[in-house]
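Below is one structure; the comments refer to it alone.
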Amino acid sequence: MNSLEQIKENSILLLKELIAIPSFSKQEDKSAEKIFNYLNQIAIPARRKLNNIWTKNKSFNPNLPTILLNSHHDTVMPNESWIEDPFHPVIKDGKLIGLGSNDAGGSLVSLMAVFKYFYEREDLNFNLIYSATAEEENSGINGIESILSELGEIILAIVGEPTNMELAVAEKGLMVLDCFAKGKAGHAAQKEGENAIVNAIADIEWFHSYKFAKESVLLGPVQMTVTIIKAGDQHNIIPDKCNFTVDIRSTDVYSNEEILEIVRKHIKSDVKPRSMRLKPSRIERDHPIVQSALKLNIPLMGSPTTSDQAVIPFRSVKIGPGRSERSHTADEFIYLDEIKDAIQKYIQLLEQLNIYMN
């Protein structure tokens with residue numbers, strides 16, 4: 001296997017090649033092909049299902065616990081404010097500019113570099129699986145969920161997302177509710193009927209002002225925001241229905257199911273959740289991966305954004321190069337040094353974890 005410095009340089013070259021390949025969610029077949037071929041070309045046998053790629057370390061031992069290194073290779077659509085060509089990687093002032101460079105290309109290639117570094121090691125107290133998965137940006141069902149049954153039992157996932165290499169030990173979940181307030185149609189001039197908008201207002205005000213009894217130490221309060229309202233189609237008819245949508249960011253102190261039960265107890269509108277699958281997560285402070293991070297003076301944090309963690313049913317943390325606030329922005333970028341430093345820090349984190357698991 002190549003030297004660590006060469007692995008770092010190759011990671012940046014690979015990221016440039018991936019940026020040049022449009023890989024929007026549900027359209028990642030070309031980037032999946034690139035990753036699959038790249039791994040096989042460097043003598044790391046890889047498997048593919050749909051647009052998900054994964055591989056195991058060379059001395060994989062079924063008697064040892066397994067750790068998953070995961071990041072995603074899909075991107076959002078570029079917005080109209082881009083000045084640079086989002087698919088033409090450019091290096092300026094130490095920054096690599098291109099769509100997906102920060103979210104989550106830097107993490108994707110850094111974790112691959114770390115996997116390559118450990119690939120032939122025979123002294124580890126755990127196995128490693130590396131996966132590059134699809135449909136993270138739209139929480140699609142054909143992403144990491146579709147391959148979990150292929151990976152076997154996993155005790156921990158390290159999910160690569162831009163966190164400035166701070167360790168996210170908790171992550172908010174997401175639940176979207178469609179709410180339906182009812183009324184009775186009537187002529188506006190006669191003030192007949194029952195206005196569904198008025199009925200909806202009372203429920204909307206509840207979402208705006210309600211305070212949950214428990215608050216997460218790391219993630220703060222559950223956040224509920226009404227984001228869409230639709231009612232009426234004629235100025236002179238009192239509407240008999242008013243539909244509105246609520247974005248709810250759940251925390252580690254309430255499950256999505258518990259929040260839904262509280263909502264239904266307090267509002268009169270009918271409530272239909274779009275999905276319950278994007279769950280909040282938290283890992284214990286005494287977990288070996290957290291202790292490894294603390295030993296290396298890696299800061300701990302709670303993440304307000306969702307990731308593949310939301311659909312991973314086992315212990316997980318989130319950590320990666322770059323910053324979350326750069327994601328989905330025009331002229332998205334990551335510093336080359338952030339990638340190189342991340343590779344070094346990931347290696348140290350796993351080396352320290354190897355000691356804890358001895």
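Label zone of S255 (point 7 Å out along Cα→Cβ, amide N under 20 Å): in the range 308-343 this covers 309-316. A Cα-only calculation for the chain places Rg and Dmax at 23.2, 82 Å. Placing a pseudo-label 7 Å from each Cα along the Cα-to-Cβ vector at Q6 and R277 gives an inter-label distance of 4.2 nm. Electrostatic tally near R47: other residues with Cβ closer than 14 Å to its Cβ, Lys and Arg +1, Asp and Glu -1, net +1. Looking at the chain, the DSSP beta bridges with both ends there are about 70 percent antiparallel. Cut-off 15 Å, label point 7 angstrom out along Cα-to-Cβ of M357: give me the residues of the range 28-62 whose amide nitrogen falls inside. What the label zone holds, given the 15 Å backbone N cut-off, is 56-62. Dividing the mean sequence gap of close Cα pairs (under 8 Å, 6+ apart) by how many residues the range 173-273 holds gives a relative contact order of 42 percent. Working from Cα positions, state the angle (0 to 90°, nearest 10) between the long axis of helix 106-118 and the longest principal axis of the chain. Orientation of helix 106-118: about 40 degrees from the principal axis.
Of interest is the spacing of the C-alpha centroids, which for the range 64-125 and the range 254-325 amounts to 22 Å.
In order along the range 40-57, the phi-based Karplus estimate (6.51 cos²θ - 1.76 cosθ + 1.60, θ = phi - 60°) of 3J(HN,Hα) comes to 5, 5, 9, 6, 10, x, 10, 10, 9, 9, 6, 10, 10, 10, 8, 7, 10, 5 Hz; Gly and Pro are listed as x. Cross-link check: pairs K184/K272; K92/K340; K95/K279; K184/K268 evaluated at a Cα-Cα cut-off of 25 Å; pairs beyond the cut-off: K95/K279. Taking label positions 7 Å along the Cα-Cβ direction at both K92 and N63, the computed distance is 5.7 nm, reported to one decimal. Among D178, D252, D74, whose mean-square fluctuation peaks in a Gaussian network model of the chain (Cα, cutoff 10 Å)? Top of the fluctuation ranking is D178.
Just checking the listed ones, E122, E137, E194: in the Gaussian network model of the chain with Cα springs under 10 Å, the one fluctuating most is E194. Kirkwood hydrodynamic radius of the range 173-273, from the reciprocal of the average inverse Cα-Cα distance over all distinct pairs: 14.5 Å. Normalising the average separation of contacting C-alpha pairs (under 8 angstrom, six or more residues apart) by the number of residues puts the relative contact order of the range 79-137 at 20 percent.
Ordering of 6-13, 262-269, 343-350 by packing is 343-350, 6-13, 262-269, highest average first (other Cβ atoms within 10 Å, averaged per residue). Here the simple spin-label model places points 7 Å from the Cα toward Cβ, and for D270 and H187 these points are separated by 2.9 nm. Sorted on the mean count of surrounding Cβ atoms within 10 Å across their residues, most packed first, peptides 102-108, 26-32 read 102-108, 26-32.
For the chain, the relative contact order works out to 24 percent when only alpha carbon pairs closer than 8 Å and six or more residues apart are counted.
Packing around the peptides 283-290, 211-218, taken as the average count of other Cβ atoms within 10 Å per residue, puts them in this order, highest first: 283-290, 211-218.
Can you tell me the length gained on complete extension of the stretch L13 to L148, counting 0.36 nm per residue apart and subtracting the Cα distance?
Separation in residues times 0.36 nm, less the Cα-Cα distance, equals 45.7 nm.
Each reported figure results from applying straightforward, stated rules to the coordinates on display, with no laboratory input. Keep in mind the model is a prediction, meaning the values are calculated, not measured. We place every Cβ from the backbone using ideal geometry, glycine too, and count neighbours over all the protein chains shown.
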